[in-house]
1. Identify the residue in the stretch A:209-229 that is at the interface with chain B (Cβ under 10 Å from one of its Cβ atoms) and part of a helix (DSSP H, G or I) and, among all such residues, is surrounded by the most Cβ atoms within 10 Å (Cβ to Cβ).
2. Every residue in the stretch B:2-36 that is part of a helix (DSSP H, G or I) and β-branched (Val, Ile, Thr), please.
3. Out of the residues in the stretch A:44-103 that are within 14 Å of another protein chain (Cβ to nearest Cβ) and surrounded by 14 or more Cβ atoms within 10 Å (Cβ to Cβ), state the one that is farthest from residue A:122 (Cα to Cα).
4. Restricting to the stretch B:11-35, name every residue that is within 11 Å of chain A (Cβ to nearest Cβ) and of a type in the set (Val, Ile, Thr).
5. Conditions first: (1) surrounded by 20 or more Cβ atoms within 10 Å (Cβ to Cβ); (2) closer than 20 Å to residue A:131 by Cβ. Residue A:39 passes all but one, so which condition is the exception?
6. Taking the residues in the stretch B:78-134 that are touching a Leu at 6+ places or on another chain (Cβ under 8 Å) and under 20 Å from residue B:174 (Cα atoms) as candidates, determine which candidate is modelled with the lowest pLDDT.
7. Hey, does the stretch A:118-140 have a residue that's more than 24 Å from residue A:283 (Cα to Cα), free of Cβ contacts under 8 Å to residues at least 24 places away in the same chain and out of contact with any His (no Cβ under 9 Å at 6 or more places or on another chain)?
8. Having 2 or more residues that are assigned by TED's automatic domain parsing to the domain that holds residue B:207, more than 18 Å from the chain's Cα centre (by Cα) and closer than 26 Å to residue B:351 by Cβ is the bar; report the strands (runs of 3 or more DSSP E) wholly within the stretch B:73-151 that clear it.
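The values are calculated or read from the model by the stated rules, or taken from the named source; none is laboratory data. Model, not experiment: these values are computed from the prediction. Cβ sites come from the backbone with ideal geometry, for glycine too, and all protein chains shown count toward neighbours.
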Amino acid sequence: MVFSSIPFLYYFLPIVLLCYAVAPAKCKNMVLLLASLVFYAWGEPKLVLLMAVSVVLGYVFGLLIEKHRGTIHAKYYMIASIVISVGFLGYFKYADFFIANINMATGLSLPLLKVALPIGISFYTFQLISYIVDVYRGTAAQHSLLNLATYIAMFPQLIAGPIVRYTDIAKDLTERVHRFEDIAYGIRRFVIGLSKKVLIANQLGELCDIFQSSGEQSVLFFWMYAISVSLQIYFDFSGYSDMAIGLGRLFGFKFMENFNYPYISKSVTEFWRRWHISLGSWFRDYIYIPLGGNRVSKGRHLFNIFVVWFLTGFWHGAAWNFIVWGLYFAVLLVIEKFFMLKYMERMPKVLVHGYVLLASVISFVIFDAANMASAFAYIGAMFGFGGLPLVSVETLYYLRSYAILLILALIGATPLVKSIANRIMTAQWTESTLGTVLSTALELLVLIVLFVVSTAYLVDGSFNPFLYFRF
Amino acid sequence: MKQKKYRIYTCVFAVLFFSLSIVCWLKPADAFSVTERRPLDQFPTLNVNTLLNGSFMSKFEEYTLDQFPLRDDFRSLKAMVSKYVLGQKDNNNIYIVDGQISELDVAVNEKALSKAINKFTTIYDTYMKDTNVHVYYSMIPDKNYFLAEQHGYPALDYDVLREKLHIGLDYMQYIDIFPLLSIGDYYYTDTHWRQDCIVEVAKHLADAMGTDIDTVYTTQELDNPFYGVYYGQLGLPVDADRITYLTNDTLANCIVYDHQNDREMSVYDMDKAADRDPYEMFLGGSLAVITIDNPNANTDKELVIFRDSFGSSIAPLLVEGYAKITLLDARYLHQNMIGNFVTFDNQDVLFLHSTSVLNNEIAFK
């Protein structure tokens with residue numbers, strides 16, 4: 001089940017909210033867990049068992065690590081837990097990738113396993129690992145299986161993040177408060193996220209599909225595609241994160257922010273501080289720093305960077321284009337870190353922004369490509385190496401048809417709208433009673449319009465995949 | 001004050017959200033969508049099997065989309081936002097120019113054309129080769145031919161399409177009707193042409209097949225509005241069409257037989273005129289085999305038309321020149337069955353299809 005679907009919005013969510021609201025405090029986690037299991041089983045009726053096994057193992061290993069804290073056994077338990085979790089992930093997500101590559105390298109014909117990829121396995125595996133490592137590092141283990149299962153399986157963040165740290169919500173699991181302020185905030189974040197997903201990301205996705213099936217491509221069409229897919233991925237994933245954060249707040253949880261306008265970055269280094277923040281910080285805390293981070297020799301430092309970015313790419317998918325995508329960023333980050341950053345600070349802003357946007361757009365062409373050959377062909381065509389005309393009738397038509405959407409998406413990818421909204425909502429006129437009423441009514445009106453229009457798009461359309469579900 | 005604001009904020013949104021949700025839960029399921037001309041999905045079968053294999057979930061999603069309260073209004077809202085706010089030129093590939101609604105069709109589908117050519121060739125080789133029949137083919141331009149390029153919409157290359165058919169069907173004689181048609185000859189909300197606008201086309205076809213037609217008709221108009229196939233897909237509020245049809249004594253005396261359902265019928269099926277798709281009044285709509293006998297004919301010539309739905313409205317206009325017309329729809333009739341209905345001997349044979357059908361991969365298997 002996806003958040004931006006009629007079954008979720010009008011059938012599942014109202015029932016869950018009602019049950020949650022009427023449940024006594026001590027039963028609220030049970031309601032959340034049951035709802036989460038139904039939510040997961042809706043898409044993966046059988047693989048819900050795999051998640052349940054992962055949770056139970058995480059629970060047992062957490063207790064064992066805590067019990068043997070300070071001894072070598074704790075380390076063994078931590079390693080065993082990580083090996084099992086990564087083993088599940090490796091089997092379900094990467095086995096066929098390795099088999100296919102072994103076959104290609106050796107000429108063997110080992111059969112592919114063709115196992116279904118459990119939705120969200122990359123996300124909940126990383127949450128489990130963070131929990132186990134944090135317990136090993138000294139955090140108190142969760143003694144309630146119900147609470148740990150609620151943390152891992154909580155449907156707002158279960159299948160596409162943010163990757164919530166146990167330490168961030170450990171307190172909320174047992175003693176959270178529910179305030180109208182949080183509920184209002186949750187509603188606002190959810191509706192904004194839904195609109196980003198349905199009104200922008202899905203429409204840009206349609207443009208990308210039109211491009212892919214077009215028989216009249218041109219250099220301009222390739223650029224339109226590259227820009228559209230970059231914006232689509234951003235609005236799709238950040239929209240999902242907004243919805244997750246909003247839903248979390250409705251249930252009394254405060255999840256970490258996952259995006260912070262990455263396209264306004266002045267370097268690729270900054271871009272990755274603003275893009276998929278929960279994943280970046282996970283790799284920093286559980287891979288990069290344990291490897292030694294930057295407090296090692298230059299060679300080792302480089303090695304650490306490349307390992308982290310190889311894994312970041314590989315985490316996104318079992319295909320070479322994801323690995324190349326990760327290593328592409330590693331190269332850019334290394335160049336910036338060791339050579340360019342000091343010069344970039346003195347360069348004109350337009351030039352620096354242009355470089356970051358170009359780097360990110362090319363990265364998402366690689367990211368979205370079916371394979372590396374296709375990625376190279378696309379990038380070549382963008383720079384005129386495809387033997388294509390500069391424009392075509394079809395390109396101009398779709399440029400005209402999607403111009404407003406592209407402009408809105410470009411504006412929406414900057415903090416401009418938020419800044420204007422904040423200025424209006426915190427202006428002096430809103431401090432009077434009448435001003436408060438009017439500003440509240442205005443905000444509600446905007447949200448209701450966005451919600452109703454998003455519903456209209458959902459009712460009409462069938463194009464609604466979440467890109468990050470495959471990770 | 002702030003706390004009050006949050007409370008009001010939450011309550012107003014909750015009332016809207018839960019109200020809509022309650023309506024979703026309680027609204028009785030509709031059986032049919034008039035605007036989309038299709039049956040709507042009903043609540044799926046719920047059992048252990050459908051739950052475990054996930055079919056219940058996917059069907060439930062389709063059910064909720066189909067049965068959403070005020071579905072047509074929400075679809076209209078989407079179409080309006082798409083057109084007037086986002087400035088998009090089409091809605092789900094449907095566009096409107098000067099009141100004329102059409103569907104984008106931008107690429108010549110080589111696979112579809114090959115399928116059509118292969119189908120026609122197989123039929124020709126099986127039944128007509130080395131016989132004394134006179135074989136012709138013609139194609140009816142879809143509305144995009146007149147609308148798309150002129151208004152900045154991408155259009156398929158009709159020259160390429162025609163060239164491919166000319167090469168593939170070089171054993172037939174081509175009758176060009178493109179110059180005789182204009183956008184005004186088509187319904188505003190539908191893909192089809194208007195019968196009262198194609199009298200000259202019928203004369204031209206007959207003339208090219210060596211038959212003279214010079215008939216006078218009385219134009220009739222249906223009382224009920226005609227919302228064509230594009231109306232529901234566009235989603236925007238537009239005026240309905242009115243179906244017009246031509247009558248005279250010859251047509252009134254024709255004997256029409258529907259071999260698919262083994263029944264006699266009229267040239268114009270007035271029951272269907274009042275039904276969901278009034279265009280089906282022309283020879284009863286999508287039927288695989290029909291014969292029209294003209295007892296008042298001054299000739300014993302026969303015509304066999306391989307046709308699509310466009311043929312239903314033009315065939316009555318050819319009746320004057322023939323004693324018998326047989327209409328065959330090769331999309332619904334297997335080629336092995338054709339011999340059961342027609343013995344090919346000295347007839348005129350016309351393959352008449354619209355470019356939208358010829359360029360559609362699923363039309364001919």
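1. So the residue we want is A:210.
2. B:8, B:10, B:12, B:15, B:22, B:23
3. The qualifying residue farthest from residue A:122 (Cα to Cα) is A:45.
4. B:12, B:15, B:22, B:23
5. Among (1) surrounded by 20 or more Cβ atoms within 10 Å (Cβ to Cβ); (2) closer than 20 Å to residue A:131 by Cβ, the lone unmet condition for residue A:39 is (2).
6. B:108
7. Scanning the stretch A:118-140 turns up no residue that is more than 24 Å from residue A:283 (Cα to Cα), free of Cβ contacts under 8 Å to residues at least 24 places away in the same chain and out of contact with any His (no Cβ under 9 Å at 6 or more places or on another chain).
8. Where strands (runs of 3 or more DSSP E) fall fully within the stretch B:73-151 and carry at least 2 residues being assigned by TED's automatic domain parsing to the domain that holds residue B:207, more than 18 Å from the chain's Cα centre (by Cα) and closer than 26 Å to residue B:351 by Cβ, they are B:134-140.
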